[in-house]
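The block underneath contains the structure these notes are about, expressed in structure tokens.
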Ligand code: KIV
């Protein structure tokens, strides 16, 4: 595949068993540009924007208005990656009858390439409707943050045989409906491996071990920009928060001490023009 060509759903499907798939989140133009420039295959405009950018305590508190706003900024930046809009809780769980309309907004208004939906009790019915409307869907099973309270909190899912069987069945049902890939969140590595081997579509793991077909992380986590908590599955590839704090403190000091701006950062006016002012 050419490096600068736009990635398609077909490209993602054909990567299974050939090479690992990379996916990260982005919510704004500058970060989406950097993620895209690095050649990441898929960019998720995740509802995790609620926690990491908007300072909310639950992903269920973000709605379509915010998600479309962020998705538009991301698609303006992206030339290469497949962009996936994460459907917020209200858009398909509170309002299943509005789900196709909301999925279409991600595609038509925000120019996304696909949408993602978390598993919930009417997931199959809603997913089928969106796929029938011609919209590519990525499923999401295991720990589904939008309904974490029903799963006993933010816990690893599929730790006993009954729960694991349920996950295997959910994965197969979503593949049968026509999902093009599946996020497996916080699932024991052996169960993620079983699901991955059972499916023809790629699995994308987050806290689901090395044997998934690809991996996703929240970009703010891997950059060390989200300080409230760090889940066990996160690897911080850099710790930007202290570096940013240091730069801001340097700016503050230089302004207070009159060292910034210098002549180099200032504009001039000719002496003769100044004289005219008296
Ligand atoms: O919203 C999000 O960032 C996600 C990922 C954790 C997969 O759903």
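The values are calculated or read from the model by the stated rules, or taken from the named source; none is laboratory data. Everything numeric in this text was worked out from a predicted model, so none of it was measured. Cβ sites come from the backbone with ideal geometry, for glycine too, and all protein chains shown count toward neighbours.
Could you list all residues from the range 1-39 that are in a loop (DSSP other than H, G, I, E, B) and within 12 Å of the chain's Cα centre (by Cα)?
26, 27, 28
Taking the conditions exactly as written (away from the ligand (no atom under 16 Å from the Cβ), in the same structural domain as residue 79 (by TED's automatic domain parsing), under 17 Å from the mean Cα position of the chain (by Cα) and within 18 Å of residue 44 (Cα to Cα)), does residue 111 satisfy them or not?
Criteria met by residue 111.
Can you tell me which residue within the range 40-52, out of those that are in a helix (DSSP H, G or I) and in contact (Cβ under 8 Å) with a residue 40 or more places away in the chain, is nearest to residue 63 (Cα to Cα)?
For the range 40-52, the residue satisfying everything is 51.
Scan the range 154-174 residue by residue and report those that are under 18 Å from residue 211 (Cα atoms) and surrounded by 15 or more Cβ atoms within 10 Å (Cβ to Cβ).
156, 157, 158, 164, 167, 168, 171
Being over 20 Å from the mean Cα position of the chain (by Cα) and assigned to a loop (DSSP other than H, G, I, E, B) is the filter; apply it to the range 193-202 and report the residue that is farthest from the ligand (Cβ to nearest atom).
Applying the filter and picking the extreme gives 200.
From the list 182, 124, 151, exactly one residue is modelled with pLDDT of 95 or more and either out of contact with any strand residue (DSSP E or B) (no Cβ under 7 Å at 6 or more places or on another chain) or not assigned by TED's automatic domain parsing to the domain that holds residue 41 (or both). Which is it?
From the options 182, 124, 151, the qualifying one is 124.
In the range 136-165, which residue that is within 17 Å of residue 93 (Cβ to Cβ) and touching a helix residue (DSSP H, G or I) at 6+ places or on another chain (Cβ under 6 Å) is nearest to the ligand (Cβ to nearest atom)?
145
Just for the range 203-225: of the residues that are more than 11 Å from the ligand (Cβ to nearest atom) and surrounded by fewer than 21 Cβ atoms within 10 Å (Cβ to Cβ), which one is farthest from residue 25 (Cα to Cα)?
Among residues in the range 203-225 that are more than 11 Å from the ligand (Cβ to nearest atom) and surrounded by fewer than 21 Cβ atoms within 10 Å (Cβ to Cβ), the one farthest from residue 25 (Cα to Cα) is 211.
Check the range 210-229 and report whether any residue there is within 30 Å of residue 193 (Cβ to Cβ), in contact with a strand residue (DSSP E or B) (Cβ under 6 Å, 6 or more places away or on another chain) and part of a helix (DSSP H, G or I).
yes
Go over the candidates 178, 258 one by one and state the one that is more than 14 Å from the ligand (Cβ to nearest atom), under 30 Å from residue 136 (Cα atoms) and either surrounded by fewer than 16 Cβ atoms within 10 Å (Cβ to Cβ) or without any contact (Cβ under 8 Å) to a residue 12 or more places away in the chain (or both).
178
Could you tell me whether any residue of the range 191-199 is farther than 30 Å from residue 10 by Cα and surrounded by 15 or more Cβ atoms within 10 Å (Cβ to Cβ)?
no
Working only within the range 55-65, note down all residues that are more than 11 Å from the ligand (Cβ to nearest atom) and in contact with a helix residue (DSSP H, G or I) (Cβ under 7 Å, 6 or more places away or on another chain).
56, 58, 60, 61, 63, 64
Given the conditions (1) more than 27 Å from residue 234 (Cβ to Cβ); (2) more than 16 Å from the ligand (Cβ to nearest atom); (3) part of a helix (DSSP H, G or I), and given that residue 103 satisfies all but one, which numbered condition is not satisfied?
Result: residue 103 fails condition (2) only.
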